[in-house]
Every structure is written in structure tokens, then in C-alpha cells.
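Novice: Below is the structure I would like to discuss, written out as C-alpha cells.
The values are calculated or read from the model by the stated rules, or taken from the named source; none is laboratory data. If you're wondering where the values come from, they're calculated on a predicted model, not measured in any experiment. Methodologically, a virtual Cβ is constructed for each residue, glycine included, from the backbone with ideal geometry; neighbour enumeration extends over all protein chains shown.
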Amino acid sequence: MLREQSKIISYFHKVTDIFLTASAFIGAYFIKLHLLPNPYRGLVTAPNYYIVLLLIVIVWYLVLNSQNLYRSYRTLSIKKIYWFTFRAVSTSMMLLAMAMYFLKITDVSRIMLGIFYLLNISFLCSSKTIIYYLLKRYRKRGYNFRNIIIMGSREAAKELVAAVGDRLGAGYRIIGCLDQQRANIGKVVLNGVKVIDTYPAAKRILKNDTVDEMVFATPLRTVPGVQRYIDLAEQMGVTVRVLPQWYIRQMGIKPKIGTLRLEEFLGIPTMAISCTPGSKGEIICKNVFEYGLAALLSIVAIPFCLFIAVAIKCVSPGPVFFRQERVGQNGRRFILYKFRTMVPGAEQGRQALETLNEADGPAFKISKDPRVIPYIGHFLRRVGLDELPQLLNVLKGELSLVGPRPPIPSEVDQYDIWQRRRLSMKPGITCLWQITPNRNKICFKDWMTMDLAYIDNWSLKLDFKILAMTALAVVRGSGR
């Protein structure tokens with residue numbers, strides 16, 4: 001199971017950068033004050049160096065966030081990371097000089113600032129080298145991979161397979177190649193990667209396997225009905241990449257849902273169609289905020305969890321926790337944790353209650369479910385406290401605090417193609433559907449439409465609004 005812990009690493013990466021920048025300033029101050037030979041040793045006391053340090057923290061935080069330093073390291077070389085770091089520190093130094101000029105902060109030692117500049121670059125480059133190679137080693141061991149299906153099996157596909165093979169630490173795994181000719185099935189393209197089927201099998205593979213990206217490594221004009229495959233991937237929220245061809249514009253390829261942009265992929269320029277939010281800075285902020293809040297809530301919730309566990313044990317025999325397999329981002333399976341609110345064996349008794357199902361589509365809802373534990377089960381569901389253990393799923397990187405609710409595999413099997421796009425974003429504990437009045441009366445199609453609207457219109461502001469309204473619903477006890 002893929003665990004996207006890179007979001008957690010990004011958070012500590014930012015904190016580490018600011019800490020190292022402050023340490024470089026303090027180190028430069030100490031070197032100038034005590035270690036330089038005369039007559040360069042010593043500092044005057046006129047400027048307030050605490051104010052200068054505060055300015056550095058603010059300026060560096062803003063600039064480092066804007067200079068690609070926290071984008072995924074999958075497709076970056078270590079040289080490019082060094083260049084981004086050098087550019088960011090140099091830009092920050094210029095902005096610091098301007099800020100001190102406008103604030104009339106004078107007499108700051110230029111020698112000390114020069115030492116700080118060199119130390120800062122050295123500290124940041126060293127930390128990024130460590131992070132880069134730790135992530136590379138982590139991915140080589142089989143964690144945090146993105147799965148790719150390649151359309152095509154000839155020279156361009158070989159180039160892509162070779163690029164992935166040369167950069168195992170980038171975290172990509174090739175499922176296989178698809179080809180137009182059935183006779184080519186089983187043929188080895190390169191490095192053990194084979195042609196696994198023909199182009200029409202793309203629908204089955206996207207639906208049944210975990211696929212994060214589809215790469216067209218063949219001229220688009222050679223793929224019959226190419227627009228159909230792009231539409232299919234878009235509808236399911238799978239990123240589409242196209243190795244550039246001179247006649248792309250002549251083909252008239254226009255995404256109906258996603259955003260079209262040019263990206264470098266393992267050193268190869270590609271055209272990408274992505275149906276998920278494209279603001280990487282905001283996505284990083286979302287993950288950092290949610291992980292921090294989940295960690296804080298987990299600590300605060302410990303006494304409540306102990307009380308709930310004892311109450312469940314006193315009222316109903318069986319385990320305290322309910323564990324169920326759910327479907328996460330792009331079809332990844334994981335185990336969801338909840339406090340048990342139903343009698344033992346409730347899942348096995350569901351089939352006998354199918355005639356009482358009040359929801360349409362593949363969903364299953366009963367307003368007065370006879371399987372719910374009396375009193376404590378109804379109470380936990382009404383206030384939503386049965387979902388407290390899902391904070392563990394957030395800390396494991398399987399859930400977000402806000403996002404489409406994770407379905408069970410049997411529901412996903414019944415999805416229409418357009419409904420599978422709700423799996424393109426990491427699922428969450430709460431969502432638009434859960435804060436909607438009388439949500440259990442909303443038809444399944446409208447529920448899916450609300451999730452897709454959340455993905456298409458996602459912003460940090462929307463997440464904060466949903467969290468606030470969820471907290472209000474818990475206080476009011478207006479849950480199911």
C-alpha cells in the first residue's frame with residue numbers, strides 16, 4: 001500500500017530550512033564577534049540584530065516557498081536542487097538589503113552578512129542533499145511509488161522506460177505498455193517491462209488497477225480514438241502525459257476537464273493533463289496544516305477515546321474498533337479505523353437488510369439501522385465521535401481531514417467512469433456532503449457531483465469552511 005508520507009517530509013523540510021537559516025545567521029554573528037582575526041573581529045552594538053533575524057525569517061520563508069524548493073524531488077536532479085537553493089538565497093539576500101534600506105537599519109556588518117550568505121547556502125544544500133538521498137533510498141525500497149501505464153512500445157517508450165530505470169529513486173513504477181498490435185503482447189520493451197495488452201484494454205486497467213499516470217509514448221495519430229482514452233483518464237482523475245510531437249496542435253487535443261501544461265518528466269519534456277488541483281504550494285500547506293492539526297487532535301482526544309472504549313465494552317461484547325477496507329486515492333486500498341457502533345457481525349447481516357436501503361446507487365444507508373448498538377452507538381454516530389480513530393489514518397497519510405469520503409471496494413466496482421474521478425484526490429474524514437443538511441436524503445448522483453465540485457473548486461478557504469461547519473455539526477449533534 002502506498003503511503004504518501006512525502007507530505008509530512010515537506011512540513012519538516014520547511015521547518016528545517018528556517019531553523020538552518022536562523023542557525024546560519026547566529027553562526028555568522030558568533031564567527032564575526034569571536035573567531036575572525038583582527039582587525040575584522042568584533043561587532044558594534046548599534047543595530048538590533050534580533051530585528052535583522054526576524055526580517056530574515058520572514059523574507060526567507062516567503063522566498064523559499066516560491067522557488068520550487070518544496071516541489072516533489074521525483075523529477076529533479078540534485079544539481080537543479082542546488083541551483084534552486086542558490087537562487088532562493090541570493091534573491092532573499094537582495095530583498096533583505098532592500099528591507100533594511102527602507103526600514104533604515106544601518107551599520108549591519110557586511111562581513112557578517114557575507115559569512116551568513118555562505119553558511120546559509122552550505123547548510124541548506126547539505127540538508128537538501130540528505131533529504132534527496134533519503135527519499136531516493138526510501139523509494140528504492142518500494143515505498144511512495146506512482147504507477148504508470150505507457151501507451152506505445154517503440155523508441156519513445158524505450159526512452160521513457162530507460163529514464164525510469166535510471167532514476168529508481170524518483171519513485172515511479174511502470175505497470176506495462178499497451179500496443180496497437182495484439183501480436184506484440186508479451187514482448188519485452190526494455191528492462192523487463194512488457195507489452196501487457198492492446199490499447200482498448202486501457203479502460204479495464206484504469207478501472208481495476210492502481211494507475212496514477214498514463215503516458216502517451218507514441219504519435220497520437222497512431223492511436224485510434226485517442227481522444228477517447230484521454231477523456232477516459234480525465235474522467236477517472238488520472239494524470240495524462242504526452243511525449244511532445246510537432247503535430248500535437250494539429251490533432252486538436254483539448255482537455256474537457258483537466259488543465260493542460262508542459263512539464264519535465266525525468267528529464268524528458270512532456271505535455272500533461274491533470275484533473276487534480278494544480279497549486280502545489282497550497283496543497284503542501286493543506287497537508288502540513290492537516291497533519292499538524294491531526295497530531296494535536298490525537299493528543300487532545302486521548303481521554304475521550306479511553307472513555308468511549310470503556311463505554312463500548314460495557315454495552316456490547318466484541319472489539320472496540322471497527323476496521324474496514326476502503327478505497328483511497330486512485331484506487332489504493334487501506335484499512336479505515338472507527339469506533340464500533342454496531343453489534344458484532346453487522347457486516348455479515350447487511351445482505352438481509354438490502355430491501356431496507358434508503359440510498360440509491362451503490363451506497364447503503366438506513367436511517368434506523370437495527371444493527372446499531374443502543375444508546376452509545378446512536379450517540380457516537382450523531383456527534384461523529386465514532387470517526388476519531390480516523391485521525392490515525394490521517395497521520396499515516398491515507399486520509400486527509402477534508403476530502404471525498406473513502407468508499408468500500410464493492411461501491412467502486414459499481415461506479416460509472418465519471419464517478420471514479422472522485423478517487424483522484426486523497427479522501428477525507430469530512431466533506432461537502434457531510435455538512436449538507438439532510439445529507440442522507442441526497443441522491444447518490446448528487447453526492448458524487450458534490451465531491452467532483454469540491455475537487456474542481458478546491459482551495460484552502462473551502463477546506464477551512466468545511467472544517468468549521470463540521471465542528472458546528474459535532475457541537476449540535478446533527479450527524480446521522
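Novice: Would you say G165 is at positive phi and more than 20 Å from the chain's Cα centre (by Cα)?
Specialist: Working: at positive phi: no; more than 20 Å from the chain's Cα centre (by Cα): yes.
Considered against the rule, which asks whether it is at positive phi and more than 20 Å from the chain's Cα centre (by Cα), G165 comes out as no.
Novice: Something else now. Can you spot a residue in the stretch 63-76 that is within 24 Å of the chain's Cα centre (by Cα) and surrounded by fewer than 13 Cβ atoms within 10 Å (Cβ to Cβ)? If you could, list the steps in order and put the result at the bottom.
Specialist: Step one: list which residues in the stretch 63-76 are within 24 Å of the chain's Cα centre (by Cα), which gives 63-76.
The next check asks that each one be surrounded by fewer than 13 Cβ atoms within 10 Å (Cβ to Cβ); those that pass are 66.
Yes, some residue in the stretch 63-76 is within 24 Å of the chain's Cα centre (by Cα) and surrounded by fewer than 13 Cβ atoms within 10 Å (Cβ to Cβ).
Novice: Where residues in the stretch 380-394 are buried (at least 17 other Cβ atoms within 10 Å of the Cβ) and aliphatic (A, V, I, L, M), which of them is nearest to L452 (Cα to Cα)?
Specialist: V394
This table checks each residue for (1) in contact (Cβ under 8 Å) with a residue 12 or more places away in the chain; (2) not assigned by TED's automatic domain parsing to the domain that holds R41; (3) not in a helix (DSSP H, G or I).
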residue	(1), (2), (3)
K79	no, no, no
R87	yes, no, no
S92	yes, no, no
M98	no, no, no
Y101	no, no, no
K104	no, no, yes
F116	yes, no, no
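Novice: Ok, one more. Of the conditions (1) under 27 Å from the mean Cα position of the chain (by Cα); (2) at pLDDT 85 or above, K140 satisfies every one except a single condition; which number is it?
Specialist: Only one criterion in (1) under 27 Å from the mean Cα position of the chain (by Cα); (2) at pLDDT 85 or above is unmet by K140, namely (2).
Novice: Write out, first by first residue and then by second, each pair whose Cβ atoms fall under 9 Å of each other, whose residues are 6+ apart or on separate chains, and whose first residue, in the stretch 390-406, is not assigned by TED's automatic domain parsing to the domain that holds G292 while the second is modelled with pLDDT under 90.
Specialist: none
Novice: Count, please, the residues in the stretch 281-315 that happen to be modelled with pLDDT under 85 and outside any helix (DSSP H, G or I).
Specialist: So the count comes out to 0.
Novice: Residues that are modelled with pLDDT of 85 or more and among the β-branched types (V, I, T): which helices (runs of 4 or more DSSP H) entirely in the stretch 358-477 hold 3 or more of them?
Specialist: Working: elements: 376-383, 390-395, 409-412, 444-456, 460-476.
Per the criteria, no element qualifies.
Novice: Among the residues of the stretch 86-122, what is the count of those that are of a type in the set (F, W, Y) and closer than 26 Å to G171 by Cβ?
Specialist: First pass over the stretch 86-122, keeping only residues of a type in the set (F, W, Y): 86, 101-102, 116-117.
In the following step, the residues that additionally are closer than 26 Å to G171 by Cβ were identified as 86.
Total satisfying the criteria: 1.
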